[in-house]
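The values are calculated or read from the model by the stated rules, or taken from the named source; none is laboratory data. Owing to the predicted nature of the structure, the values given are computational and were not obtained by experimental measurement. Glycine gets a Cβ as well: all are built from the backbone with ideal geometry, and neighbour counts include every protein chain shown. The area values use the complete protein model at the heavy-atom level, side chains included, leaving out ligands, DNA and RNA. Shrake-Rupley method; radii C 1.70, N 1.55, O 1.52, S 1.80 Å.
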Amino acid sequence: MRIFDPHIHMTSRTTDDYQAMYDAGVRAVTEPAFWLGQPRTSVGSFRDYFDGLVGWERFRAAQFGITHHCTVALNPKEANDPRLAGVLDLLPRYLAKDGVVAVGETGFDAMTEAEETVFVRHLGLAAEHGLPVLVHTPHRDKVEGTRRSLELVAGSGLPPGMVLIDHLNEVTVGQVAEAGCWMGFSIYPDTKMDEHRMVKVLSEYGLDRMIVNSAADWGRSDPLKTLKTGRAMLDAGFGEDDVDRVLWRNPVEFYAQSGRLLLDDAQAADPTATWEGNSVLRGQRPV
Amino acid sequence: MTTPAAAARLAELVTRVTEHPNQLPTLFPAVARLVGRGPTDPADRDGLLTLRVEDDARVTLLAAAAGSGRLDTNQLAALLTELYEEGDGDERRAVLRALDRLDAVDPRVGRRLVEDALRSNDPRLIAAAMGRFAARHLGADAWRHGVLKCLFVGVPLAAVTDWADRVDSELVRMTADFTAEREAAGRTVPEDARRILAAPRPDPGPEPSEDPEHPQAREGER
Ligand SMILES: [Zn+2]
């Protein structure tokens, strides 16, 4: 099983996690810029964080044979802090970089006006830079937050295929499927969404535009939830090619729209290149 | 690998940068996408000893900007600093490599960038920082610590330009201490450390505490 975890906060994880992920078949990740649990108080903190995402973290992942990408944005929680408005001015130079494969995470946390203003700015930046957008949906008031997010996406003029709406569940997936955006599911070790419910969603909605991630961070989370979802799919009768589609080809297709993926040609183009025994990538770094 | 189309795109970029060196910060991050990416020597995938395709292209562009006649020394220094400080790992590596090729760089500015890179833990940056510029302009303390850092993180000594010319008894002492520490821990000592210990030096000074020809601790190549 080859796995692209399209949403995982590796900055918060240990090298043991990187090793376990590699052993589980993870060969590429995308780390969305988000908050750190402890609110930041200055623009400089973001600059250092973004530099870490395109510098040190990419190197750390490469040591374990994992290609690291990231997305950058002013996250919804901290969009509410006026001291951090200057972060928006930092974004363009990161959005020009290789390996920065989308604008995100953006979207709503508490559905405030400030969040909406920043969200709309992000959608504009994505259009300007030809990048996809990763949209975080709120954990509270999720249905309404998802509805308003889709409304803003529609109003932005971005093609729905350039937008991934994340952290969905049984209740919110329908409206996103209808809107034509990509559907992201974060599989947690708690009640928010688990791998067995995920398999039911896949059975009901099919595999088109379906994305599964672990969203692992500094909280209770599990960086191997992608693998566990793949196994649950096999147990439920899905084939290996179906698993490869959801866990590799779909996220590659979504983020490849950026033109900024760092996968080598074999990884990116040939769906079977690493299928048999993962020999292509063992011990190598992507070029 | 570079294709004729990629070479043509690089030539186009060189023309642009020669006419408008101030456009380089916008173009710099996009270079690998336009010109290509990957090792020039398959045995040196990380570009510790050789310039990767994207490094070479970025260095070429920096040389074009420096040679354009449109930047004075201060402007060139400001450009290098901006590209380094705002760069990701790849872009920073290219700026460090370019220092080796540009003679017009104010050594104080170059030193600041090299010393920053030597504080990192990324072998690709450290290798790029220990090139010709460092050999010529880095102070003795910083240069010795740079060499020691190479031993620590596994950057081959061959990446350190003219290292044999700058070996002195202080570096030999530091290397001997490093070797003793490794041996005390039962770990293998890199061959490069032994090369330093065995190198002739202008200021022989006191003999190192460890015999460079010591036959033990060769059980495994790193
Ligand atoms: Zn997240």
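Amide H to amide H, which residues 5 or more places from residue A:67 or on other chains are under 5 Å from it, using H placed in the peptide plane?
When sequence neighbours closer than 5 places are left aside, the close amide H contacts are A:28, A:29.
Net charge around residue A:253, counting only other residues with Cβ within less than 10 Å of its Cβ (Lys, Arg = +1; Asp, Glu = -1)? Please report the intermediate quantities before stating the final value.
On the way: positive: A:209, A:245, A:249; negative: none.
Around residue A:253, the surrounding residues sum to +3.
Residue B:67's amide H: which non-local residues (gap 5+, or another chain) put their own amide H closer than 5 Å, with H modeled 1.01 Å from N in plane and none for Pro or chain starts?
Here the answer is none, since no amide H 5 or more places off falls under 5 Å of that of residue B:67.
For chain B, what does -39500 (n - 2.57) per DSSP helix run (n ≥ 4), summed and divided by total residues, give at 222 nm, in deg cm²/dmol to the nearest 500? Before the final figure, lay out each step's value.
Numbers: 13 runs with 133 residues, N = 222.
Helix contribution divided over all residues of chain B: -17500 deg cm²/dmol.
What's the total accessible area buried between chains B and A, using a 1.4 Å probe, rounded to the nearest 100 Å²? Mind showing how you got there, number by number?
On the way: alone 11010 and 11240 Å², together 20660 Å².
Interface between B and A: roughly 1600 Å².
Arrange the residues A:240, A:178 by how much accessible surface each exposes, largest first, with a 1.4 angstrom probe.
Values: A:240 105, A:178 165 Å².
Greatest to least solvent exposure: A:178, A:240.
Given the peptides A:55-65, A:3-13, arrange them by the average over their residues of other C-beta atoms within 10 Å, most packed first.
Working: A:55-65: 19.1, A:3-13: 25.2.
With the highest mean Cβ count within 10 Å placed first, the list reads A:3-13, A:55-65.
What net charge is computed for the residues neighbouring residue A:80, neighbours being all others with C-beta under 10 Å from the C-beta of residue A:80, Lys and Arg scored +1, Asp and Glu -1? List each step's numbers first, then the result.
Working: positive: A:77; negative: A:78, A:81, A:109, A:113, A:115.
Computed value for this residue: -4.
For chain B, what does the relative contact order come out to in percent, with C-alpha contacts under 8 Å and a separation of six or more?
14 percent
I need the shape label for the protein assembly as shown. Rule: rounded when a/c is under 1.5, else prolate if a/b > b/c, else oblate, with a, b, c from the alpha carbon gyration tensor. Please list the in-between numbers first.
On the way: a/c = 2.12, a/b = 1.57, b/c = 1.35.
In terms of gyration-tensor shape, prolate.
Suppose every K and R has +1 on its Cβ and every D and E has -1 on its Cβ; what is the size of the dipole of the stretch A:1-75 about the Cα centre, in Debye to the nearest 20?
Details: 7 positive and 8 negative charges, 28 e Å.
Once rounded to the nearest 20, the dipole reads 140 debye.
Using mean Cβ contacts within 10 Å as the protection proxy, how do A:254-260, A:37-43, B:20-26 order, highest first?
Working: A:254-260: 20.3, A:37-43: 12.7, B:20-26: 16.1.
Packing proxy ranking, top to bottom: A:254-260, B:20-26, A:37-43.
Rounded to the nearest 0.05, what FRET efficiency do residue A:235 and residue B:121 give with R0 = 60 Å and r taken as the Cβ-Cβ distance? Could you check? Numbers along the way, then the final one.
On the way: r = 42 Å, r/R0 = 0.70.
Once rounded, the FRET efficiency stands at 0.90.
Starting with the highest mean, order A:204-214, B:91-101 by the number of other Cβ atoms within 10 Å, averaged over the residues of each peptide.
Working: A:204-214: 19.5, B:91-101: 24.9.
The packing order, highest mean first, is B:91-101, A:204-214.
Dipole of the protein assembly as shown (Lys/Arg Cβ +1, Asp/Glu Cβ -1, origin at the Cα centre): which of B:180, B:78, B:40 lies farthest to the positive side?
So the residue furthest toward the plus end is B:78.
Roll a 1.4 angstrom probe over the protein heavy atoms and tell me the percent of accessible area of chain A that is carbon or sulfur.
Details: 5330 of 10440 Å².
Here carbon and sulfur together make up 51 percent of the probe-accessible area.
Under the rule a/c < 1.5 gives rounded, and otherwise a/b versus b/c splits prolate from oblate, where does the stretch B:1-153 land using the Cα gyration tensor? Walk me through the intermediate numbers first.
Numbers: a/c = 2.21, a/b = 1.25, b/c = 1.76.
Taking the square roots of the gyration eigenvalues as a ≥ b ≥ c, the stretch B:1-153 is oblate.
Tell me, what is the FRET efficiency for residue A:204 and residue B:41 to the nearest 0.05, using R0 = 51 angstrom and their Cβ-Cβ distance as r? Don't skip to the answer; put the middle values down first.
Details: r = 52 Å, r/R0 = 1.01.
Computed FRET efficiency for residue A:204 and residue B:41: 0.50.
Among B:67, B:31, B:49, which residue has its Cα positioned farthest towards the positive end of the charge dipole of the stretch B:1-105, with +1 placed on the Cβ of Lys and Arg, -1 on the Cβ of Asp and Glu, and the dipole taken about the Cα centre?
B:31
Kindly write out, for the stretch B:86-95 in residue order, the coupling ³J(HN,Hα) from the Karplus curve 6.51 cos²θ - 1.76 cosθ + 1.60 (θ = phi - 60°), rounded to whole Hz, with x marking Gly and Pro.
For the stretch B:86-95, the Karplus-derived couplings read 9, x, 7, x, 5, 5, 5, 4, 5, 4 Hz, x marking Gly and Pro.
Given labels modelled 7 Å from the Cα in the Cβ direction, how far is it in nm from residue B:142 to residue B:26?
3.3 nm
Determine ³J(HN,Hα), in whole Hz, for all residues of the stretch B:150-157 in sequence, where each value follows from phi through the Karplus function 6.51 cos²θ - 1.76 cosθ + 1.60 and θ = phi - 60°; x replaces Gly and Pro.
4, 4, 5, 9, x, 7, x, 4
When only C-alpha pairs under 8 Å and at least 6 residues apart count, what is the relative contact order of the stretch A:52-162, in percent? It would help to have the intermediate numbers written out before the result.
Working: 154 pairs, mean separation 26.0, N = 111.
Relative contact order of the stretch A:52-162: 23 percent.
Once amide H atoms are placed 1.01 Å from N in the peptide plane, what residues at a sequence separation of 5 or more from residue A:103, or on another chain, have their amide H within under 5 Å of its amide H?
Hits under the 5 Å cutoff: A:133, A:134.
Among the aspartates and glutamates, which have Cα under 16 Å from the Cα of residue A:225 when same-chain residues fewer than 8 positions away are ignored?
A:5, A:16, A:17, A:23, A:31, A:166, A:190, A:194, A:195, A:217, A:235, A:244
Taking each residue of B:120-126 in turn, how many C-beta atoms of other protein chains fall within 10 Å of its C-beta, and what is the average? Numbers along the way, then the final one.
Numbers: counts 3, 3, 7, 2, 3, 2, 0.
Average neighbour count from other chains, rounded to a whole number: 3.
Please report, in debye to the nearest 20, how large the charge dipole of the protein assembly as shown is about its Cα centre when each Lys and Arg carries +1 at its beta carbon and each Asp and Glu carries -1 there. Please report the intermediate quantities before stating the final value.
Working: 59 positive and 79 negative charges, 94 e Å.
Charge dipole of the protein assembly as shown: 460 debye, to the nearest 20.
Towards the positive end of the charge dipole of the protein assembly as shown, with charges on Cβ (+1 Lys, Arg; -1 Asp, Glu), say which of B:17, A:237, A:119 has the farthest Cα.
Working it through, the farthest residue towards the positive pole turns out to be B:17.
Sorted by accessible area with a 1.4 angstrom probe, largest first, how do A:171, B:172 fall?
On the way: A:171 100, B:172 0 Å².
The residues order as A:171, B:172, largest area first.
Report, for the stretch A:3-265, the % of DSSP beta bridges that are antiparallel, rounded to 5.
Working: 0 of 24 bridges.
Looking only at bridges with both residues in the stretch A:3-265, the antiparallel portion is about 0 percent.
Could you do me a favour and compute the accessible area per residue for the protein assembly as shown, 1.4 Å probe, result in Å²?
Values: 20660 Å² over 509 residues.
Roughly 41 Å² per residue, with all protein chains present.
Rounded to whole Hz and in sequence order, give me ³J(HN,Hα) for the stretch B:25-32 from the Karplus expression 6.51 cos²θ - 1.76 cosθ + 1.60, θ = phi - 60°, writing x for Gly and Pro.
Going residue by residue, I get x, 6, 7, 3, x, 8, 4, 5 Hz, with x marking Gly and Pro.
Could you give the angle, 0 to 90 degrees to the nearest 10, between helix B:169-184's Cα long axis and the longest principal axis of the Cα atoms of chain B?
Once rounded, the angle reads 70 degrees.
Which shape class, rounded, prolate or oblate, goes with chain A when its Cα gyration tensor gives a ≥ b ≥ c as root eigenvalues, a/c under 1.5 marks rounded, and past that a/b bigger than b/c marks prolate? Could you put the intermediate results ahead of the total?
Details: a/c = 1.57, a/b = 1.21, b/c = 1.30.
Since a/c reaches 1.5 but b/c is at least a/b, the shape of chain A is classed as oblate.
Threshold 30 Å², probe 1.4 Å: give the residues of the stretch A:52-93, in number order, that are less accessible with all protein chains present than with their chain alone.
Residues passing the criterion (a loss of at least 30 Å², heavy atoms only) are A:56, A:59, A:93.
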